[in-house]
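The structure appears right after this line, and notes come after that.
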Amino acid sequence: MSQNTQNPSTGPAAFQSRFFVRDLQAGIITGTMAIPLSAGIALMSDYPIKVALATVVFACFVGWINAWFRPGNYVGAPGVAAGLAPVLALGVATFGMENMAFVIFMTALMQAIIWKFNLQKYILVAVPEYLVEGLLAGVGLKIAINFFTMTYEIPDSLVTESFWNAARIQMVSISLLGMVAFVFLFSKFQSRQPAIPYFFLMVAGAILAQFIAMPMLHVEDVPLQLSLPLPRFDHALMWLYVLGFAVMLAVIDVIEQVMSNAAIQKIDPLQRKCNTNNSLLAIWVANMGSSFFGGMTNLDGLAKSTTNKLAGAYTKFSVLVVGLVVLFFVINTQYLEFLPKFSLAVIMIFTGWKMILGLLHVAHQGQYALMLATLCALLVYRLGIFEGLLLALAIHGFVNFVVLYYVHNVKSGAIIRKYLQRFSIGGGAD
């Protein structure tokens, strides 16, 4: 696929003056929507919210610069990866926040290798698309359940011996009304202005909090300092665990980007082709750069990219505007504390639910794909992303072996050769 900076029929990917107003508008809308999503993902990942927002800013700037030279997609909007939130939380718990910069650096290094040798085309051979949907559904279930507690949380001063007191019933009622309003507005405006429900919930929540006591978002004003992402391990075996952990992070991030690009290409207003390997270049550069200030993993998420397109984006200039909008809140984190926790919970529960509904995307692939994807989702929720995906892959391999060996009478050696031949012909989705 061509890597030219300009398509003769559409112009540059990074900026076109004829789309300036549309891209500016789209960037403001998408940037505003990205703030509560990024905050929620940060809480899920056990990362400071300010660090998550700084990661988005840096990824946006890298994505815009990359679009001048090697455009991957044209309307994708970078952000912290929701699908990796539980994995990052596991990394923080296992390695400590002081080592996460090194983990992200190693993840970026793995992604650089994948980009350099264009290995992304082989990954979906080893990991079928429907298992990735199952993985994301499992993560979505984790997100929805984890944020559910915020829908009935009340200030400590209002806690009584009776759990269901008047304040808690009031909070649950407000959360329920917020969810109903959000879903209604999303169903009404998702094809035109999907940011409207986000705007409504944030503004309405901030106004309501002026009259009713409720838990508010707390943003720790952590310093953002540049430093080398050096490891601080006490045990030699930890290096092997970190290496495996980084490979897992890199592969999941790449798979999500591959799938997102396929969807972004479909919604592109000018039907321009995506170059996934170019997108991976922007991802690993942004990940490696963010490791120097303790940042998180990023990718062109489908929710923000869809909002960006529907808000009117035609070029990656909108992404630069997204970065500037988010940068304002990185500098002025105090404004984020006007957001009630219930508003954030509604947004994140809805996000998790949308990830669970991704299982419907594999229904057309047959009962086996749907059953295995659902099993993968449950395993990921119960055991974790790494263990759940590996076990699902093992079950998938065992089922295929049994069918080929006992039903089709294919010998073991032939089964292995048949599998390896799929990699030798250039890869592709299963």
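The values are calculated or read from the model by the stated rules, or taken from the named source; none is laboratory data. Just so we're clear, the structure is a prediction, and the values are computed from it rather than from any experiment. With ideal geometry, Cβ positions are generated from the backbone for all residues, glycine too; neighbour counts draw on all protein chains shown. The area values use the complete protein model at the heavy-atom level, side chains included, leaving out ligands, DNA and RNA. Shrake-Rupley method; radii C 1.70, N 1.55, O 1.52, S 1.80 Å.
Taking the condition basic (Lys, Arg), over 23 Å from Ala85 (Cβ atoms) and open to solvent by less than 10 Å² (accessible area, probe 1.4 Å), does Arg232 pass?
no
Restrict the check to region 161-178 and report whether at least one residue is surrounded by 15 or more Cβ atoms within 10 Å (Cβ to Cβ) and farther than 24 Å from Met214 by Cα.
No, because not a single residue in region 161-178 is surrounded by 15 or more Cβ atoms within 10 Å (Cβ to Cβ) and farther than 24 Å from Met214 by Cα.
Using the structure shown, decide if Asn146 is on the phi > 0 side of the Ramachandran plot, open to solvent by 20 Å² or more (accessible area, probe 1.4 Å) and either of a type outside the set (Phe, Trp, Tyr) or assigned to a helix (DSSP H, G or I) (or both).
No: the conditions fail for Asn146.
Open to solvent by less than 10 Å² (accessible area, probe 1.4 Å), among the aliphatic types (A, V, I, L, M) and either at pLDDT 90 or above or touching a Pro at 6+ places or on another chain (Cβ under 9 Å) (or both): is that true of Met33 in this structure?
When the stated conditions are applied, Met33 passes them.
Looking only at region 113-143, count how many residues are surrounded by 18 or more Cβ atoms within 10 Å (Cβ to Cβ) and farther than 30 Å from Tyr368 by Cβ.
Residues that pass the stated criteria total 1.
Given the condition modelled with pLDDT under 90, of a type in the set (S, T, N, Q), surrounded by fewer than 20 Cβ atoms within 10 Å (Cβ to Cβ) and over 16 Å from the mean Cα position of the chain (by Cα), answer yes or no: does some residue in region 272-280 qualify?
No, that holds for no residue.
Among Trp68, Trp64, which is the only one that is more than 20 Å from Ser260 (Cβ to Cβ), out of contact with any Asp or Glu (no Cβ under 9 Å at 6 or more places or on another chain) and modelled with pLDDT of 95 or more?
Trp68
For (1) open to solvent by 10 Å² or more (accessible area, probe 1.4 Å); (2) closer than 19 Å to Met348 by Cα; (3) of a type outside the set (D, E, K, R), each residue gets a yes or a no:
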{"position": "Arg70", "(1), (2), (3)": "yes, no, no"}
{"position": "Ala81", "(1), (2), (3)": "no, yes, yes"}
{"position": "Met97", "(1), (2), (3)": "yes, no, yes"}
{"position": "Phe105", "(1), (2), (3)": "yes, no, yes"}
{"position": "Gln111", "(1), (2), (3)": "no, no, yes"}
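Being touching a helix residue (DSSP H, G or I) at 6+ places or on another chain (Cβ under 7 Å) and without any contact (Cβ under 8 Å) to a residue 60 or more places away in the chain is the filter; apply it to region 166-180 and report the residue that is nearest to Phe342 (Cα to Cα).
That would be Val172.
Okay, residues lined up against (1) in a loop (DSSP other than H, G, I, E, B); (2) in contact with a Ser or Thr (Cβ under 8 Å, 6 or more places away or on another chain):
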site: Lys273; (1), (2): yes, no
site: Asn278; (1), (2): no, no
site: Leu281; (1), (2): no, no
site: Asp300; (1), (2): no, yes
site: Thr315; (1), (2): yes, no
site: Ser318; (1), (2): no, yes
site: Val325; (1), (2): no, yes
site: Val330; (1), (2): no, no
site: Gln334; (1), (2): no, no
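Yes or no: region 210-227 includes at least one residue that is in a helix (DSSP H, G or I) and open to solvent by 40 Å² or more (accessible area, probe 1.4 Å).
No; the residues of region 210-227 include none that is in a helix (DSSP H, G or I) and open to solvent by 40 Å² or more (accessible area, probe 1.4 Å).
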